[in-house]
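Visitor: Supplied in structure tokens, the structure appears directly below.
The values are calculated or read from the model by the stated rules, or taken from the named source; none is laboratory data. As the structure is a prediction and not an experimental result, all values here were calculated from the model. Positions of Cβ are generated from backbone atoms using ideal geometry, with glycine treated the same way; all protein chains shown enter the neighbour counts.
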């Protein structure tokens with residue numbers, strides 16, 4: 001670990017030094033085997049695992065991508081060797097260790113849920129049989145339901161519900177690419193897919209089967225005229241899958257889009273506002 005002189009007794013890491021070592025090793029591959037580089041990378045992975053560092057973090061109303069942290073994750077892979085890990089009757093063969101200390105973190109992990117080392121799970125997170133990849137951040141009180149997946153570096157807020165079969169995409173490279181961001185209190189319906197750095201705003205509701213990519217047309221149909229967005233679902237929006245006509249050489253066909261059909265009311269009780277939004281807009285979840 002890289003420690004400051006003042007923080008040596010507590011294990012406090014000098015992140016400025018760690019960042020310089022990682023940036024240098026990224027540009028100069030011959031430095032990647034040096035002990036200082038390895039220590040810096042391992043310090044970052046430990047910090048990601050504990051939620052001290054994040055691959056992206058809130059910055060006012062926007063988000064800041066920490067490229068140097070993502071570089072550390074990429075550099076970590078070649079530093080690891082394939083290893084057999086026995087978990088009861090199950091056997092894994094991988095470079096990455098599994099996340100541990102769930103009881104101390106007050107996290108519920110149901111068989112066969114798996115979180116990789118380097119992912120953070122906040123207090124009160126529930127993982128049904130599901131998967132959370134390295135570099136991801138899952139905020140407190142969030143439910144990761146059955147067969148949901150949270151990709152590398154994805155940022156999931158507090159009190160989020162990822163329903164069964166939800167696919168949250170991951171991203172390591174290109175380094176400047178923003179990960180998928182699901183903000184606090186959002187509800188993501190069954191089999192919904194969110195990839196390519198799409199940001200879902202606070203307390204938004206995605207109905208079952210909504211697919212959001214960087215190029216997906218998101219159309220707000222709540223006003224007199226449609227308003228088109230891409231890459232971002234505004235806070236408290238209620239979204240369902242839709243189609244729009246498009247002309248091809250073979251004729252006109254409907255192509256997928258996402259429709260904002262309403263807005264969830266602000267409320268101190270998120271469960272009440274969610275149930276009301278689902279009933280009002282007849283959203284399948």
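Visitor: Consider residue 150 against the criteria (1) crowded, with 19+ Cβ neighbours inside 10 Å; (2) within 24 Å of residue 40 (Cβ to Cβ): it satisfies all of them except one. Which criterion is unmet?
Guide: With respect to (1) crowded, with 19+ Cβ neighbours inside 10 Å; (2) within 24 Å of residue 40 (Cβ to Cβ), residue 150 is out only on (2).
Visitor: Being touching a strand residue (DSSP E or B) at 6+ places or on another chain (Cβ under 6 Å), more than 20 Å from residue 226 (Cα to Cα), in the same structural domain as residue 223 (by TED's automatic domain parsing) and surrounded by 13 or more Cβ atoms within 10 Å (Cβ to Cβ), is that true of even one residue in the range 257-271?
Guide: Within the range 257-271, not a single residue is touching a strand residue (DSSP E or B) at 6+ places or on another chain (Cβ under 6 Å), more than 20 Å from residue 226 (Cα to Cα), in the same structural domain as residue 223 (by TED's automatic domain parsing) and surrounded by 13 or more Cβ atoms within 10 Å (Cβ to Cβ).
Visitor: Right, something else. Give the range 65-100 a look and list any residue that's loosely packed, with under 11 Cβ neighbours inside 10 Å, part of a loop (DSSP other than H, G, I, E, B) and in contact with a strand residue (DSSP E or B) (Cβ under 9 Å, 6 or more places away or on another chain), or say none. Reasoning before the result, please.
Guide: If we filter the range 65-100 for residues that are loosely packed, with under 11 Cβ neighbours inside 10 Å, which is where we start, we get 81-82, 84, 86, 88-91, 93.
Within this subset, residues satisfying the condition of being part of a loop (DSSP other than H, G, I, E, B) are 81-82, 88-89.
Matches in the range 65-100: 82 only.
Visitor: While we're here: Have a look at 199, 236, 230, 217 and point out the one that is outside the structural domain of residue 59 (by TED's automatic domain parsing), under 17 Å from residue 273 (Cβ atoms) and in contact with a strand residue (DSSP E or B) (Cβ under 8 Å, 6 or more places away or on another chain).
Guide: Values: 199 fails: under 17 Å from residue 273 (Cβ atoms); 230 fails: under 17 Å from residue 273 (Cβ atoms); 217 fails: under 17 Å from residue 273 (Cβ atoms).
Criteria check complete, one pass: 236.
Visitor: Hey, can you tell me all the residues within the range 58-108 that are closer than 24 Å to residue 183 by Cβ, within 18 Å of the chain's Cα centre (by Cα) and touching a residue at least 12 places away in the same chain (Cβ under 8 Å)?
Guide: 63, 65, 66, 67, 68, 69, 70, 73, 99, 107
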